[in-house]
1. What shape does region 45-134 have by the C-alpha gyration tensor, where a ≥ b ≥ c are the square roots of the eigenvalues, rounded means a/c under 1.5, and otherwise prolate means a/b greater than b/c and oblate the rest?
2. Could you line up ARG61, ARG218, ARG263 from fewest to most neighbouring Cβ atoms inside 10 Å?
3. For HIS338, HIS35, HIS111, what's the fewest-to-most ordering of other Cβ within 10 Å of each Cβ?
4. Starting from the Cα-Cα distance between TRP176 and ALA201, subtract it from 0.36 nm times their residue separation and give me the gain in nm to one decimal.
5. Would you mind putting 231-241, 296-306 in packing order, based on average other-beta-carbon counts within 10 Å, highest first?
6. What shape does region 249-358 have by the C-alpha gyration tensor, where a ≥ b ≥ c are the square roots of the eigenvalues, rounded means a/c under 1.5, and otherwise prolate means a/b greater than b/c and oblate the rest?
7. Would you mind classifying the chain by shape? Square roots of the alpha carbon gyration tensor eigenvalues, ordered a ≥ b ≥ c; an a/c under 1.5 is rounded, otherwise it is prolate if a/b is larger than b/c and oblate if not.
8. Alpha carbon centre of region 199-272 versus region 71-106: separation in Å?
Amino acid sequence: MTSRLSAFFGAPHWPTVALTYAIGTSGGVVAMLAHLPLPMLLGSLLAVGAAALFGLRPLGRLPEAPQRLRMLFIPVIGVAIGGAARPGLLQEAVAWLPSLAILAIFIPAVHYAGFRILVATGRIDKVTALFATAPGGLVETVQMGEEAGADMQMLIMLQFLRLILTIVFIPLFFTWLVGHAVGSAGGAAVEGAEMGIFDLAVLVAAGVLGAIIGLKLRLPAGHVLGPIFLSGAAHLAGLTAAVPPQVTVWATQVVIGTSLGVRFGGMPKRRILEALRLSLISVTLMMGGAGLIAWSLASAVNETVPAVFLAFAPGGLVEMGLIALSLDLSILYVTAHHLLRIILAVSVARVFAHRLAR
């Protein structure tokens, strides 16, 4: 059993892993008591990130969280998103076409603008700037950047900061906008019918089989897209009306926040500050553009301004899906846009890379 765990997770120091998740959970609970937005995600990210950044080593090691453990929890979000599927969804989705068309223009435009601005600072080379400003597809753009000879430490940090800054700023912005705490701190919860044994079996099957199918077919974000499809099909077919319990969504938030927080371990503080300055420029450009589009487009696509803003925001599909769930926004609208954003971001980065090489 131990050898199988090592083969799957690598060779983490499990006492340190347990302590890291304890720090993350504690941070989430404190954030919830403080009525912060999206507390279990933000609290765990900030607590573990601070511990890693300042070199906390209670067991002689930096905070540690196996990234593959995150992969085991992410299908929960896919199942929850799929639970929002309802009859008439396809007819409703037709109204999203103008929004998706604008997204197809927005992604290359904001990527090119961010690339030119970061290069103009003189703090980063062109290859690293190209892949660091891609507004999606973190794993794919990091891999392409490595093949092209980018500064990998800076590239990885800029891409993770894109996610982290978006995750931190969006709930805080919405809290300021409405004047009170939003998400789970504001009492929002994932709504669904009471769960029985059959419902549990359907949801587990949608999560496990969906993740396997999505990864085997190499779908973009397949470990979350597969569960979305199977869970959505099960709900549309009337097999179940249940969704994952709130406690499982909270647990997933802690796992995701902790896995992001440990990324700050071992990096020189001076480089982190430099990456933070550059990332703030890039993320401000992306989120400013998303805000302008949201205010002008929302009524045309029959969605709320927050939903459109979240659909165009430069965060990860899983993280934005979590925020949409917590804020009770149009989950499937947001998810559809982020799937297209990932495809476009990777494709545009590849095209720009070929042009830059020439």
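1. Note, shape of region 45-134 comes out oblate.
2. On the way: ARG61 16, ARG218 7, ARG263 23.
Taking fewest neighbouring Cβ atoms as first place, the list is ARG218, ARG61, ARG263.
3. HIS35, HIS111, HIS338
4. Length difference between fully extended and current span is 5.0 nm.
5. 231-241, 296-306
6. Here region 249-358 falls in the oblate category.
7. Numbers: a/c = 1.43, a/b = 1.09, b/c = 1.31.
It comes out rounded by the Cα gyration axes.
8. Region 199-272 and region 71-106 have Cα centres spaced 15 Å from each other.
We did not get these values from a lab; they are worked out from the coordinates using the rules stated. Keep in mind that what you see is a predicted model, and the values were worked out from it rather than measured. Backbone-built Cβ (ideal geometry, glycine too); neighbour counts: all protein chains shown.
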